[in-house]
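J.: Attaching a single structure in structure tokens format; questions to follow.
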Amino acid sequence: MEMNSLPNGNSTPSTPPVPTTTSPPSSKVGQLAESLRLEHQFLRVPFEHYKKTIRANHRVVEKEMSSVISGVSDAADRDDLSSDEAVNHLNSLVSRLQGLKRKLEEGSRVEHLQAQRCRARLDHLESADAENLSEWNNMRLKRILVDYMLRMSYYDTAVKLAESSNIQDLVDIDVFQEAKKVIDALQNKEVAPALAWCADNKSRLKKSRSKFEFQLRLQEFVELVRAENNLRAITYARKYLAPWGSTHMKELQRVFVTLAYKSTTECATYKVLFEPTQWDHLVDLFKQEFCKLYGMTLEPLLNIYLQAGLSALKTPYCYEDDCTKEDPLSQESFRKLALPLPYSKQHHSKLVCYITKELMDTENPPQVLPNGYVYSTKALEEMAKKNDGKITCPRTGFVCNYKDLVKAYIS
Amino acid sequence: MELNTIKDAFDRVSKKQKLSCSNTQEVIDQIDQEIEQALQKIQSASNPDSLLDHRPILVELKTKLKDMAPVTQLESTQKDLNSALSKYPKLLEKSFNPDISKAYRNIEFDTHTVNQIIASHFYRQGLFEIGDLFVQEANEPESVAVIKSQFQDMYQILEAMKSQNLEPALKWATSNADRLKHNGSDLLMKLHSLQFVEILQKGSRDEALNYARTYLSPFASNHMDAIQKLVVCILWAGRLDRSPYYQLLSPTNWDKVVEELTRQFCKILGQSYESPLAVTVVAGAQGLPPLLKFMNVMAGKKHEWQTMKQLPVPVELDKEYQFHSIFVCPVSKEQSTEENPPMLMSCGHVLCKQSIMKMSKNSTKSFKCPYCPSDIDAIRCRMLYF
């Protein structure tokens, strides 16, 4: 599949400048296996989604089934039921069962799709091999970018990128749709969808000792105080805040004191509780809980990969003026990101020829000019051939003969 | 990691799910049948005189359903399914790195910078529509407008080449001829050759000859062989496919020129050939495994990790990501610096200055090379520049 062929109109051709398809050596296979082990989230998220659907569907079945059965026993226990009424009653139970059957079919269709998605991802991991590595890497970059877009709430770009590359099964757009509803509401200062989400995931949030729901309740309480609806605020606190007292007394007390201060307070401890940024904080908190629940990293994958990549690439030489353009760290934006990151570390020398940018190893050993500058044998041989055995040092202009060179042995 | 075991494990989960699904359906059908039967009985036995006839039927139905115990009947398959559902994530955690953010430093990246990098990446890959949408959605000011228009130019040239139109490419290459020459690229000559072959294919000898005179002859000094071959092709004008030079028609010739043009275009723009974002992410995928391994071993040193000036473990990147020479002294294991430069000893082996100073007791006496039997005089060691 040509990954970059997008329906981009006439003016936007689609040949990507990444046609590196030289077959890589076998050492890359081990490296590939290692990098596949980074893909936990890739398999985990669709599975959590699948699991969630299965559980929800099962709950529906259990609930409906029990109510049909209790419907029968109710009817059997009554003695004032006419025959017609009994028939009507049973008929209504039958149609209820029909409805359940339809729900079940629909539910198992969704389960099936989600199972397929889980499988598609396993297949995708399996498809990576040394031959299609650059294409596979390209695809991984797109997946990582979609993940970034989704976490940053750039949903349109996420959808478009996924569609145009035909990788919908490999990204978690539908999972994030669920998050989007909650986030949008919180940004509009509405807690209802967030509370519904908490109720949906009650047992798991409890397991991880999440206090997200508590934070939501606190915020609702503060809003009541802001509106000077004090009586309602107190009733609210009794009902929704008190249960958290045993574990979060301090915070509860602090928020409760706002009753005394009102929203116009200048007291810093309480003023901050009325700030609109509290809502942003709730959004962040939600994102964290959401990611945890699905087994995602809290940071966008892109940031994690970028950090590691920048550190691995960062050397003191990257910040010099003659840094090659091929090094990402020759660019201002990458340098800026890499600034607070550690430098890479090497246990063995790695020498790159200044002229050809190729590695100098035993096959292409380094040679030393009388002025101490070192270049690869390949580059120097080529230069000597073109200039009757004369060598000109490209960095100093020093001229010498090819036979004046000595080999350097790097261990 | 065995992907097959994971696949098998997943198959088990989905098998259990299917089983539970069909089981549920069966149970519902059973309930349905019982109720339907009861309904029929009531309706057929229904005697307008008797009001109580249906009651025993209902009671019987109730007992039947109770004996059937549909909810408990589902419980066992559900239990199986649940255990499969909780086993699989455990297997994933065991087979994969469950949390790759362990190797993450708590440093906020500047979102604006990251977005700019992403937008540039889209443009340079030719994904202009996605780039535009992204810039709009991320509300990034037009900081990437320049790179967009630059790469638009390039993709216009490439797109024309796809429909065998070399004009834009030739125009660009001609106006950048000096810089191409400086870069040691013979792109212009290659483009002219392609054009020449195109003309020949159309069968016009005179035109081809004229073209060769005007555009190919200036390259004669460096490309005599190639030009001779091309000119001889005039003999087969219009039927090049049956000539000994049919390879000139191969589409791979075009691919090669497209690649060279892309390379040179990027170079002249001052851009890299590969997308820097793609390079960094691949480097990240190669760097993360050793870092995570270190983090797992050094679980207690989480705090130090946040402040380290240098990675605690070496990260082996592929050859193509080695952009700079790094010299590590084989004696002290330290990377060379300006104060501690690499030095060439008379035997050809290289050590860092400090190591040589140590072994020679500050150049007061000769010492043995750690790699060969030579006697080394520190004074005669030369500084190297890689």
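The values are calculated or read from the model by the stated rules, or taken from the named source; none is laboratory data. Note that the coordinates shown come from a computational prediction; the quantities given were computed from them, not determined experimentally. Neighbour counts are summed over all protein chains in view; Cβ atoms, including those assigned to glycine, are modelled from backbone coordinates with ideal geometry. For accessibility, only protein heavy atoms count, side chains too; no ligands or nucleic acids. Shrake-Rupley method; radii C 1.70, N 1.55, O 1.52, S 1.80 Å.
J.: For A:Ile391, indicate whether it is of a type in the set (A, V, I, L, M, F, W, C), free of Cβ contacts under 8 Å to residues at least 60 places away in the same chain, surrounded by 16 or more Cβ atoms within 10 Å (Cβ to Cβ) and part of a strand (DSSP E or B).
T.: yes
J.: Then there's this: Of all helices (runs of 4 or more DSSP H) completely enclosed by segment B:133-192, which ones contain at least 3 residues that are in contact (Cβ under 8 Å) with a residue 60 or more places away in the chain?
T.: Counting at least 3 such residues, we get B:145-162, B:167-175.
J.: Given the structure, is A:Ala128 crowded, with 19+ Cβ neighbours inside 10 Å, more than 8 Å from every other protein chain (Cβ to nearest Cβ) and without any contact (Cβ under 8 Å) to a residue 24 or more places away in the chain?
T.: Judged against the criteria, A:Ala128 is not a match.
J.: Here is a follow-up. Under 41 Å from the mean Cα position of the chain (by Cα) and surrounded by 12 or more Cβ atoms within 10 Å (Cβ to Cβ), is that true of B:Ile234?
T.: Against the criterion (under 41 Å from the mean Cα position of the chain (by Cα) and surrounded by 12 or more Cβ atoms within 10 Å (Cβ to Cβ)), B:Ile234 does not qualify.
J.: Could I ask something else about it? Specify which of the listed residues (A:Tyr317, A:Tyr294) is within 30 Å of A:Leu145 (Cβ to Cβ), in the same structural domain as A:Gln215 (by the TED database) and not polar (S, T, N, Q).
T.: A:Tyr294
J.: Turning to a different aspect of this structure: Do we have any residue at all in segment B:253-267 that's within 11 Å of chain A (Cβ to nearest Cβ), basic (Lys, Arg) and outside any helix (DSSP H, G or I)?
T.: no
J.: Now, a different point. Quick check: anything in segment B:311-327 at the interface with chain A (Cβ under 7 Å from one of its Cβ atoms), closer than 23 Å to A:Ser344 by Cα, hydrophobic (A, V, I, L, M, F, W, C) and in contact with a Gly (Cβ under 6 Å, 6 or more places away or on another chain)?
T.: Looking for residues that are at the interface with chain A (Cβ under 7 Å from one of its Cβ atoms), closer than 23 Å to A:Ser344 by Cα, hydrophobic (A, V, I, L, M, F, W, C) and in contact with a Gly (Cβ under 6 Å, 6 or more places away or on another chain), one finds at least one in segment B:311-327, hence yes.
J.: While we're looking at this one, here's another question. Could you check, for segment A:293-303, whether at least one of its residues is part of a helix (DSSP H, G or I), out of contact with any strand residue (DSSP E or B) (no Cβ under 9 Å at 6 or more places or on another chain) and more than 30 Å from B:Ala278 (Cβ to Cβ)?
T.: Taking every residue of segment A:293-303 in turn, at least one turns out to be part of a helix (DSSP H, G or I), out of contact with any strand residue (DSSP E or B) (no Cβ under 9 Å at 6 or more places or on another chain) and more than 30 Å from B:Ala278 (Cβ to Cβ).
So that you can scan it fast, the table gives a plain yes or no per residue for (1) without any contact (Cβ under 8 Å) to a residue 60 or more places away in the chain; (2) in contact with a helix residue (DSSP H, G or I) (Cβ under 6 Å, 6 or more places away or on another chain); (3) of a type outside the set (D, E, K, R); (4) not assigned by the TED database to the domain that holds A:Tyr50:
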residue	(1), (2), (3), (4)
A:Ser92	yes, no, yes, no
A:Gln98	yes, no, yes, no
A:Leu104	yes, no, yes, no
A:Ser108	yes, yes, yes, no
A:Glu111	no, yes, no, no
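J.: Related question: Residues in segment A:83-95: is at least one touching a Lys or Arg at 6+ places or on another chain (Cβ under 7 Å), assigned to a helix (DSSP H, G or I), at the interface with chain B (Cβ under 7 Å from one of its Cβ atoms) and more than 30 Å from B:Ala283 (Cβ to Cβ)?
T.: no
J.: So which residues in segment A:289-304 are facing chain B (nearest Cβ under 9 Å), aliphatic (A, V, I, L, M) and open to solvent by 10 Å² or more (accessible area, probe 1.4 Å)?
T.: A:Leu298, A:Leu301
J.: Which of the residues belonging to segment A:356-376 are more than 50 Å from the chain's Cα centre (by Cα) and open to solvent by less than 50 Å² (accessible area, probe 1.4 Å)?
T.: Those that are more than 50 Å from the chain's Cα centre (by Cα) and open to solvent by less than 50 Å² (accessible area, probe 1.4 Å): A:Leu369, A:Asn371.
J.: Being among the small types (Gly, Ala, Ser) and more than 7 Å from every other protein chain (Cβ to nearest Cβ) is the filter here, so list the residues in segment A:316-348 that pass it.
T.: Selection gives A:Ser330, A:Ala338.
J.: Suppose we filter segment B:79-100 for residues that are under 17 Å from A:His49 (Cβ atoms) and among the aliphatic types (A, V, I, L, M); how many remain?
T.: 4
J.: Restricting to segment A:38-75, count the residues that are assigned to a helix (DSSP H, G or I), among the charged types (D, E, K, R) and open to solvent by less than 40 Å² (accessible area, probe 1.4 Å).
T.: Total satisfying the criteria: 4.
J.: Given (1) at the interface with chain B (Cβ under 9 Å from one of its Cβ atoms); (2) surrounded by 14 or more Cβ atoms within 10 Å (Cβ to Cβ), where does A:Ala379 come up short, assuming only one miss?
T.: (1)
J.: Moving on. What about B:Val279, is it in contact with a helix residue (DSSP H, G or I) (Cβ under 7 Å, 6 or more places away or on another chain), touching a residue at least 40 places away in the same chain (Cβ under 8 Å) and not assigned by TED's automatic domain parsing to the domain that holds B:Val144?
T.: Yes, satisfied.
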